[in-house]
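Novice: Could you have a look at this structure, given as structure tokens, before my questions?
Coordinate-derived values only; no laboratory data. Not measured: the values here are computed from a predicted model.
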Amino acid sequence: MTHDAEVNPFAPHLSARGLVVLDGALATELESRGCDLNDPLWSARVLIEAPELIRQVHEDYFAAGADVATTASYQASFEGFARRGLSHDEARALMRRAIELACEARDRCWADPALRVGRARPLVAASVGPYGAMLADGSEYRGHYGLSEEQLMDFHRPRLAALLAAGPDLLACETLPCLEEARALARLLTEFPSARAWISFSCRDGEHLCQGERLADAVAALDGFDQVIAVGVNCTAPEYIAPLLASARTATRKPLLAYPNSGESYDAEHKCWHGHGHSAAFADMAREWRRAGASLIGGCCRTSPEHIRALASLS
């Protein structure tokens, strides 16, 4: 493995604040600003129609204190773009654009001296959503794809190559429902020796991945992959995070991350959210997540720059 793959890009941030503050939701934040994401491409649709809005959301998260921007590439795949009539080259260009928008936002914020105080230079993580996200049928919250690790590697290989060619600081392999896909991605990283990634699972309760494996077993299975530089949980109800982290802490030496949903619940039948996810309450829960072992904390669905500002005040 090359030296680049051995360097942990989070180290300066942990030295500066003792905590890496991840960003919050992208898709649901875009919806709150008027974007229509009723599309199989989800936030990747906005890459095509309104890229400047994506850059603005990234800027707002950086201004709120985020150390990492996660790009609008979660649902971006060659297969998904092909269904919209886009060529391979056009799809590759859109994936690159997702990373460029986050880098542009980072550079704009870093040019403001007031936003540099007490911080290390923010990072850009290229989002790699699960195979189920490409299907756009909710499979990322179920798993049970019926594919082998090798087949999953074949699916992810071209998009990893395209994303890494655009020069992100790392990959965010996120919302994975099953161990097979996590292992496929971890194995695939060895084909890109300078790449580093975090791997984050979606979980159905305080112990199990959405497919049913124990989180502790899943993170233990990743412990020998040096290019996986953090493991954890996202897109999961916040009340499950502390027990999940506690179990993961017993099974791995890697840094732990957590970026759950806001606490609201999603009504799949009516395609709407119910409840409230107040930023102050979210930050209070984050204190418990830190005690449970998380050193990288942010938000997923329905979180906003206000949630991230509250998290940044914890450090």
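Novice: For the chain, compute Rh as the Kirkwood radius over C-alpha pairs and then the Stokes-Einstein diffusion coefficient at 20 °C and 1.002 mPa s; write the answer in µm²/s, rounded to an integer.
Specialist: 112
Novice: Can you give me the span-like helices of the chain, meaning DSSP H runs with 27 Å or more of Cα extent along the axis and Kyte-Doolittle mean at or above 1.0?
Specialist: Taking the DSSP H segments of the chain (at least 27 Å long, mean hydropathy at least 1.0), we get none.
Novice: Per DSSP H run of n ≥ 4, the term is -39500 (n - 2.57); total these for the chain, divide by its residue number, and report the mean residue ellipticity at 222 nm rounded to 500 deg cm²/dmol.
Specialist: Calculated mean residue ellipticity at 222 nm is -12500 deg cm²/dmol.
Novice: Right, next: Hey, what do the phi angles of segment 208-222 turn into as Karplus ³J(HN,Hα) couplings, whole Hz, using 6.51/-1.76/1.60 and θ = phi - 60°, x for Gly and Pro?
Specialist: 10, 5, 4, 6, x, 5, 6, 4, 4, 5, 5, 5, 5, 5, 9
Novice: Of all beta bridges DSSP finds with both residues in the chain, what is the antiparallel percent, to the nearest 5?
Specialist: 15
Novice: Here's a follow-up. Taking amide hydrogens as modeled 1.01 Å from N in the peptide plane, which residues meet the under 5 Å criterion relative to ALA258, leaving out close sequence neighbours?
Specialist: VAL233, LEU296, ILE297, GLY298
Novice: Now, a different point. Based on the Cα atoms of segment 132-207, what semi-axes does the equivalent ellipsoid have, where each is the square root of 5 times one gyration tensor eigenvalue, given in whole Å with the largest first?
Specialist: Semi-axes (√(5λ), whole Å): 21, 14, 12.
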